[in-house]
Amino acid sequence: MLTWELICALLRHLFVAFLAVLVFFFCYIKAVHMRYDHIPGAPRPSFLFGHLPIMWKMLKNQELYFDVFVQWAEKYGPIVRVNAFHKIALLIFSPEGIKEFLMSPQYPKDPIVYGSLYYICGERFLGNGLTATLDYEHWHKQRRIMDPAFSRTYLMGLLGIFNDKAEELMKELAKKADGKTEVNVMSLLEKVTLDIIAKAAFGMDLNTLQDDQAPFPRAVAMVMIGMSNKRMPLFEYLPWNRKQVKEIRESVRLLRRTGRECFERRRKLIQNGEDPPQDILTQILKNSAQAGDCDEENMLDNFVNFFVAGRETSANQMSFAVMELGRHPEIVAKLQAEVDEVLGAREDVAYEDLGKLKYLSQVLKETLRLYPPAAATLRRPKKDTIIEGINIPKNTTLIFSTYVMGRLEKFFKDPLVFNPDRFRKDQPRPYFSYFPFSLGPRNCIGQKFAKIEAKVVMAKFLQRFEFQLVQPQSFKVLDKGTLRPLDGVVCRLKPRHQSD
């Protein structure tokens, strides 16, 4: 048996060993600091936690920590250091740096962030799809296969779907347009964007506007919750999260199982000599067969990717647009005049109408400047680099935020003023300071899809309804993996006179 003296001696040795490890870890953190202390940065509230306490406090208060980054950019310059334990990230607010790191394929995405999207709660999630893959050659091969399906000419053929689904939204809104009923516009926009991507990309009729508690729409919603919670340390291992983690896992399985069934049905249709729907899936299957690349798991990665990205970002952009327009009646009047001139009493938006809705384009671009749903992108260079005269060590996480760049006075005069005229054709174009769909070879493949979708839905909405925001509205921005209006954009609607 162990004597009490022996137990005490053992505890002393363990304590000494723990102190030694702790001292070594603190020395290691100090050594890391010394590699980066030549780079400007805000004072660290904690030697160990670095700048994390600032961000934790803001998250607790439902504040957006990107707003602190705006302050740091203005105070400390184009490259700002952020500390967290032994990790250092650099915020790059330099157009020169953005051009260098985003426009070239030689700088890979950050494996710590994007690699974590391979699985979610133990289930394969985005895997090796377009968003998460770190292998540039693998990404490039996928992109070549999928690019034709997202070309403007191909999307023209899908305009009927955009119109039909947007019309279903208008009918739902019309039921509530009595000037009294409070309508959560953002919730309805999330439903219609899911219906649009499902039908236009994969020929699926989800009818989420009628039933968002059906298994597939609910699974998409749960996966988004999982993505948001993934940022919380040890989320999936905490016992009180067990039920939610189980539901997230089942949701990912359902999405991938649905995708597999969807692919199989389409392949059988093609093999039987029947005419398949001319949607994005048909084009991808055809191009994959021609390229000799029919890796189904990889295709399922992108199936999930399209639903996650296609639903959230487009719905959030349009929600922010409605939020801002709700406090700018003069802009609404100008938009409605344009829509009336281009569309008249027609219900459907024709392809040639899209180019004529110039002021609506400006409004949507200005919305993305102030409220980009995807606020930042990351890179991790494999070699030392010098930007703005500052040496950036290799293997450093670099953060590029279009949200921050869009709110800096040096790039946009009166940056907090919502002014669509910034994007008139006769105005100078922002130089590597506006990139809501990222930049360079790894920009968003769905940006043309998103732009057409937003124009069709917003044009119909402005054509049919007058609206007022229900007060109070905080106009705060919430980060749930993508940026969204905190209050959900609640409105009261009335039919416009010409639609009575």
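The values are calculated or read from the model by the stated rules, or taken from the named source; none is laboratory data. Quantities reported herein were computed from a predicted structural model and do not represent experimental measurements. Here Cβ is always computed from backbone atoms with ideal geometry, including for glycine, and neighbour counts include all displayed protein chains.
Being part of a helix (DSSP H, G or I) and either over 25 Å from Ile452 (Cβ atoms) or not hydroxyl-bearing (Ser, Thr, Tyr) (or both), is that true of even one residue in region 205-216? For region 205-216, residues part of a helix (DSSP H, G or I) and either over 25 Å from Ile452 (Cβ atoms) or not hydroxyl-bearing (Ser, Thr, Tyr) (or both): present. Where strands (runs of 3 or more DSSP E) fall wholly inside region 336-406, the ranges with 3 or more residues that are buried (at least 22 other Cβ atoms within 10 Å of the Cβ) are 397-401.
Scanning region 152-177 for residues that are outside any helix (DSSP H, G or I) and of a type in the set (A, V, I, L, M) yields a count of 2. If you check Leu134, Leu126, Leu117 for being surrounded by fewer than 16 Cβ atoms within 10 Å (Cβ to Cβ), under 21 Å from the mean Cα position of the chain (by Cα) and closer than 30 Å to Gln290 by Cβ, only one passes: Leu134. Residues of region 262-295 that are of a type outside the set (A, V, I, L, M, F, W, C), farther than 22 Å from Leu206 by Cβ and in a helix (DSSP H, G or I): Gln271, Lys286, Asn287, Ser288, Gln290.
Among the conditions (1) outside any loop (DSSP other than H, G, I, E, B); (2) at pLDDT below 95; (3) of a type outside the set (Val, Ile, Thr); (4) surrounded by 16 or more Cβ atoms within 10 Å (Cβ to Cβ), the only one that Lys460 does not satisfy is (2). From the list Glu247, Glu172, the lone residue that is without any contact (Cβ under 8 Å) to a residue 60 or more places away in the chain, more than 22 Å from the chain's Cα centre (by Cα) and closer than 27 Å to Val113 by Cβ is Glu247. Of the residues Phe437, Phe432, Phe418, Phe475, the single one that is of a type in the set (Phe, Trp, Tyr), farther than 30 Å from Thr131 by Cα, in a loop (DSSP other than H, G, I, E, B) and touching a helix residue (DSSP H, G or I) at 6+ places or on another chain (Cβ under 7 Å) is Phe418. Considering the conditions (1) over 20 Å from the mean Cα position of the chain (by Cα); (2) modelled with pLDDT under 90, His140 is excluded by exactly one of them, (2).
Within region 1-50, the set of residues being assigned to a strand (DSSP E or B) and out of contact with any strand residue (DSSP E or B) (no Cβ under 7 Å at 6 or more places or on another chain) comprises just one member, Ser46.
Please determine whether any residue of region 111-133 is more than 25 Å from Arg257 (Cα to Cα) and part of a loop (DSSP other than H, G, I, E, B). Scanning region 111-133, I find no residue that is more than 25 Å from Arg257 (Cα to Cα) and part of a loop (DSSP other than H, G, I, E, B), so the answer is no. Restricting attention to region 103-113, does a residue exist that is surrounded by 15 or more Cβ atoms within 10 Å (Cβ to Cβ) and at pLDDT below 90? There is at least one residue in region 103-113 that is surrounded by 15 or more Cβ atoms within 10 Å (Cβ to Cβ) and at pLDDT below 90.
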